[in-house]
Amino acid sequence: MRRPTLFLMVGLPGSGKTTRARDLAREHSAVRFSPDEWMKPLFGSSDVDGRRDILEGRLIWTASQVLLLGGSAILDFGFWGRDERAALHWFASEHGAATRTMYTNADTETLLDRVNRRWRDDPGATWVMDADSFTEWRAAFQEPAEDELDGTWRPLPPPGFETWRSWMSDRWPTSVPQPAR
Ligand SMILES: Nc1ncnc2c1ncn2[C@@H]1O[C@H](COP(=O)(O)OP(=O)(O)O)[C@@H](O)[C@H]1O
Ligand SMILES: [Mg+2]
């Protein structure tokens, strides 16, 4: 049996994450989790009062069930932050799975053209974006380094966190088991 794999889709809007994630889902019989496909139907917008984080946490939790059952899962979240990806590398290995970082990129003009074309074709799927936003986003985005992409990456938790488990329960409280009430 193939080793369960957690795929992390990394990249800015319009870089082709969801398109690539659909292909990976078919190639690897992996379950795909794309928050954009959940946010609008559930809440009418791509982010409402931190609900995206709540949803992402539950999708991570659901992906962990897939991994424990021997399947593979795809988190199509964008993952701009290095620590987010590092935490999920740890999380996957805790569930007996490998991690693969799938990085998609294109120049800003191409991204802008794609997202606006996508919006014209299907206004319900995403939203309008402008060039200034892309400049800001690119500055905030932390590009994956070579060791992250080749799977040898074993980073330590950032200052203030003893373990990746504690980092994850801070970033995505709903991704870890909830205390019984
Ligand atoms: N490699 C590519 N070349 C050209 N167009 C692409 C490519 N990948 C995706 N697209 C198109 O660009 C738009 C954005 O792609 P999408 O996969 O939704 O990006 P993301 O999920 O990263 O926001 C879609 O309309 C898609 O069909
Ligand atoms: Mg997408």
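The values are calculated or read from the model by the stated rules, or taken from the named source; none is laboratory data. All figures in this text were calculated on a predicted structure; none of them were measured in a lab. We place every Cβ from the backbone using ideal geometry, glycine too, and count neighbours over all the protein chains shown. When the accessible area is computed, the model is the full protein with side chains, heavy atoms only, and any ligands, DNA or RNA have been set aside. Shrake-Rupley method; radii C 1.70, N 1.55, O 1.52, S 1.80 Å.
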>> When a/c reaches 1.5 or more, the comparison of a/b and b/c decides; with that in mind, is the stretch 41-109 rounded, prolate or oblate per its Cα gyration tensor?
In response: oblate
> Taking θ as phi - 60°, what are the ³J(HN,Hα) couplings along the stretch 132-146 by the Karplus curve (6.51, -1.76, 1.60), each to the nearest whole Hz, with x for Gly and Pro?
Replying inline: 4, 4, 4, 4, 4, 5, 4, 5, 7, 6, 9, 5, x, 8, 4
> With the Cα gyration tensor of the stretch 49-168 giving a ≥ b ≥ c as the square roots of its eigenvalues, does the rule (a/c under 1.5 for rounded; else a/b larger than b/c for prolate; else oblate) give rounded, prolate or oblate?
Replying inline: prolate
> Using modelled amide H (1.01 Å from N, peptide plane; none on Pro or chain starts), what sits under 5 Å from the amide H of residue 74, excluding residues fewer than 5 places away?
Replying inline: 7, 31, 32, 33
>> Under a Cβ-only charge scheme (Lys and Arg +1, Asp and Glu -1), can you give me the dipole magnitude of the stretch 5-174 about the Cα centre, in debye to the nearest 20?
In response: 540
> Counting other Cβ atoms within 10 Å, which GluC sites (Glu not before Pro) in the stretch 123-173 have at most 12 and lie in a DSSP loop?
Replying inline: 162
> What FRET efficiency do you get for residue 69 and residue 152 if R0 is 22 Å and r is their Cβ-Cβ distance, rounded to the nearest 0.05?
Replying inline: 0.25
> Given Cα pairs under 8 Å that are at least 6 residues apart, what percent is the relative contact order of the stretch 5-174?
Replying inline: 33
> Full extension from residue 22 to residue 117: what is 0.36 nm times the residue separation minus their Cα-Cα distance, to one decimal in nm?
Replying inline: 32.3 nm
>> Which order do you get for 68, 149, 156, 12 if you rank them by accessible area with a 1.4 Å probe, largest at the top?
In response: 156, 68, 149, 12
